[in-house]
Amino acid sequence: QLQFVESGGGLVQPGGSLRLSCSVSGISFSRFAMSWHRQIQGKERALVAEINGAGDSPTYADSVKGRFTITKHWAQATATLEMENLRSDDTAVYYCKAGPIWAPSGWQEYWGQGTQVTVST
């Protein structure tokens, strides 16, 4: 069965770094694009970073470009989001997502449960 395990959230000071991980099982990891999204308090959930199934051609929201890096790690079947030079306005709940892809049963996508990132002194 499909299983996502998100980890790495927590409290960090401005300018600090944090690494979020999304471990995946139960799907063909290489077939799924992966992405990270966040929901800032009082705002709608928004795309932060995404990467294709092959693990290349990453793209980023303008607000995080140059500071965040999304990677697919094949041996661990894990997607990570490395966050550097964090700012207070990066505070949000972060969610990983697999897909969507087309399958015989229809479009398939899956969301992680979310992990809290708080950037504060």
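Points to keep in mind about this one:
- Distance in nm between pseudo-label sites at Thr59 and Leu11 (7 Å out along the Cβ direction from Cα): 3.7 nm
- Between the beta carbons of Leu2 and Ser120, assuming R0 = 41 Å, the FRET efficiency works out to 0.75 to the nearest 0.05.
- Label zone (Gln41, point 7 Å along Cα-to-C-beta; backbone nitrogen cut-off 20 Å) within region 60-104: 86-95.
- Put Asp56, Asp90, Asp62 in order of accessible area, highest first, and with a 1.4 Å probe you get Asp62, Asp56, Asp90.
- Accessible surface of Thr91 - all protein chains present, 1.4 Å probe, nearest 10 Å²: 40 Å²
- Prolate/oblate/rounded label for region 68-121 (Cα gyration tensor, a/c 1.5): prolate
The values are calculated or read from the model by the stated rules, or taken from the named source; none is laboratory data. Predicted, not measured: the structure shown is a model, and the values here were computed from it. When we count neighbours, we look across all protein chains shown, and the Cβ atoms used for this are built from the backbone with ideal geometry, even at glycine. Heavy atoms of the whole protein, side chains included, go into the accessibility calculation; ligands, DNA and RNA do not. Shrake-Rupley method; radii C 1.70, N 1.55, O 1.52, S 1.80 Å.
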